[in-house]
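Following: one structure in structure tokens, then a few remarks.
Nothing in this text is a laboratory measurement; each read-out follows from the coordinates by a stated rule. All values reported here derive from a predicted model rather than from experimental measurement. All Cβ positions, even for glycine, are placed from backbone atoms using ideal geometry, and neighbour counts span all protein chains on display.
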Amino acid sequence: MTRRSVILGAGAYLPKRVVTNNDLAAQMDTTDDWIIQRTGIRQRHVAAEGEFTSHLAVKASERALAAAGLKAADIDLIVLATTTPDETFPATATRVQALLGLTRGAAFDVQAVCAGFVFGLAVADNFIKVGQAETALVIGAETFTRLLDWNDRGTAVLFGDGAGAVVLKASYGDRGVLSTHLHSDGRGHDALYVDGGPSSTGRVGHVRMQGKEVFKHAVSKLAQVIQEALDANGMTADDIDWLVPHQANRRIIDGMADKYRLPREKVVVTVDRHANTSAASVPLALAEAMDDGRIKPGHLVVLEAIGGGLAWGAALVRM
Ligand code: COA
């Protein structure tokens, strides 16, 4: 029997403060209409002062543990995907570990920007498959708005804060993560990056993006990696019950759905309410659709994401 990682439960957390497009239009040269037409975004959540990535991550993790029917003490691996760690070091995952009251196992961060959750899922899945972990928390958590230049309307309107988490458990059978597919290509650096860091400038820096360039790469690379995941499992788009895509832009999401002839009812969309929460976007969407009963045990789910690096990936999961 194949040892696999089953997703036992998922949890989401969004900061209380909601910022609408009209709120942004009051402080920069943009409109609700422009943002909705180009991106599908209507609002985003923004973390409060003193609310850190680890705090969002802990709340999402507690909800994921409750959904899975497990206690924090059952966890022996925490993989946290984030681009906005509390501090340059230690890993924010260790903050989460301490806040959950855990002292055993390993906890570390993974950095693949918006693709981070898919990368983190792949890492944890491989730990479980080889027997190095039994029960893992995989978290995507971001206070991404802290990287924004509020004078750059081309990026400031696109992002939000939040966290999502899943509990993975070793299991023998047909259910679980069937395969993960990861890619990166550092030649894409200039399309999407932060102009700062501890080793280069000593400042945190701000997001810089060539929007059209990222859009073009997103459409082609996500389509390729979904096909790669289907081919690896001898499946076709007809087998997909749910697409849970990275929530960056409604037009990119619709492009993927059209490419694979998926009706809109099979695509989980949160970008209108969450905007792009980077590594948190996929687990936030997954948690929402599991929680409201759309995604059910036995369903075949495709997760996909792309972000700075460029880095991109997909996972095929039998729930
Ligand atoms: N409000 C109003 N106008 C804006 C604006 C805003 N928030 N941001 C940019 N504009 C203007 C531009 O200045 C430009 O004006 P100009 O024609 O006078 O020069 C015009 O709108 C068109 O800008 P452009 O960048 O060509 O628009 P676009 O159709 O490519 O849409 C994005 C911009 C960012 C929405 C789109 O490129 C995109 O979504 N890219 C992918 C981004 C992404 O997903 N990033 C994260 C990946 S993890």
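To the nearest 0.05, what FRET efficiency results for Arg187 and Asp29 with a Förster distance of 45 Å applied to their C-beta separation?
Working: r = 32 Å, r/R0 = 0.72.
Taking R0 as 45 Å, the efficiency between Arg187 and Asp29 is 0.90.
Based on DSSP, what percent of beta bridges with both residues in the chain are antiparallel, to the nearest 5? Mind dumping the intermediate values first?
Details: 41 of 57 bridges.
Of all bridge pairs located within the chain, approximately 70 percent are antiparallel.
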Given only helices, namely DSSP H runs of n ≥ 4 each adding -39500 (n - 2.57), what is the per-residue ellipticity at 222 nm of the chain, to the nearest 500 deg cm²/dmol? -9500 deg cm²/dmol
Inter-site label distance for Glu62 and Asn126 at 7 Å from Cα along Cβ, in nm: 3.3 nm
Long-range amide H partners of Asn276, meaning residues 5 or more apart or on another chain whose placed amide H is closer than 5 Å, are Phe159, Gly160
Which lysines have a Cα less than 30 Å from the Cα of Lys259, not counting those fewer than 8 places away in the same chain? Lys212, Lys216, Lys221, Lys296
Given axes a ≥ b ≥ c from the Cα gyration tensor, I'd like to know whether the chain is rounded (a/c under 1.5), prolate (a/b larger than b/c) or oblate. oblate
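Just to be sure I understand: of the beta bridges DSSP finds with both ends in the range 177-318, what percent are antiparallel, rounded to 5?
80 percent
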Per the Kirkwood definition applied to all pairs of different Cα atoms, how many angstroms is the hydrodynamic radius of the range 240-319? 12.6 Å
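Express the C-alpha Rg of the range 177-318 as a ratio against the empirical globular expectation 2.2 N^0.38 Å, rounded to two decimals.
Expressed relative to 2.2 N^0.38 Å, the Cα Rg reads 1.08.
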Under a cut-off of 20 Å between alpha-carbon atoms, report the aspartates and glutamates in cross-link reach of Lys129, not counting same-chain residues fewer than 8 places apart. Asp74, Asp76, Asp109, Asp174
Computed over the range 3-173, the ratio Rg/Rh where both radii use C-alpha atoms and Rh is Kirkwood: 1.04
For the range 231-282 and the range 14-38, distance of Cα centres in Å: 23 Å
Counting other beta carbons within 10 Å of each Cβ, put Phe119, Phe108 in order, fewest first. Phe108, Phe119
What ³J(HN,Hα) values, in whole Hz, does the Karplus curve 6.51 cos²θ - 1.76 cosθ + 1.60 give for the range 290-297 when θ = phi - 60°, with x put for Gly and Pro? 6, 5, 8, x, 5, 8, 10, x
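Looking at the range 86-130, which trypsin sites (Lys or Arg not before Pro) are in a loop (DSSP not H, G, I, E or B) and have at most 14 other Cβ atoms within 10 Å? List each step's numbers first, then the result.
Working: sites: Arg95, Arg104, Lys129; in loops: Arg104.
The qualifying sites are Arg104.
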Note down the net charge around Ala223, summing +1 for each Lys or Arg and -1 for each Asp or Glu among other residues with Cβ under 11 Å from its Cβ. -1
Going residue by residue through the range 116-127, the Karplus relation 6.51 cos²θ - 1.76 cosθ + 1.60 with θ = phi - 60° gives ³J(HN,Hα) values, rounded to whole Hz and with x marking Gly or Pro, of x, 5, 5, 5, x, 4, 4, 4, 5, 4, 5, 4
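Compute, for the chain, the length of the dipole vector about the Cα centre, with Cβ point charges of +1 (Lys, Arg) and -1 (Asp, Glu) only. Units Debye, rounded to 20. It would help to have the intermediate numbers written out before the result.
Numbers: 33 positive and 36 negative charges, 69 e Å.
Dipole magnitude for the chain comes out near 320 debye.
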Relative contact order for the chain: what percent, with Cα pairs under 8 Å and sequence separation of 6 or more? 26 percent
5 Å is the cut-off here: which amide hydrogens, built 1.01 Å from N in the peptide plane, fall below it relative to Gly9, excluding neighbours closer than 5 in sequence? Val167
Once amide hydrogens are built 1.01 Å from N within the peptide plane, the residues lying 5 or more places from Gln210 or on another chain with amide H under 5 Å from its amide H are Leu192
Relative contact order, percent, of the range 3-173 when contacts are C-alpha pairs under 8 Å separated by at least 6 residues? 36 percent
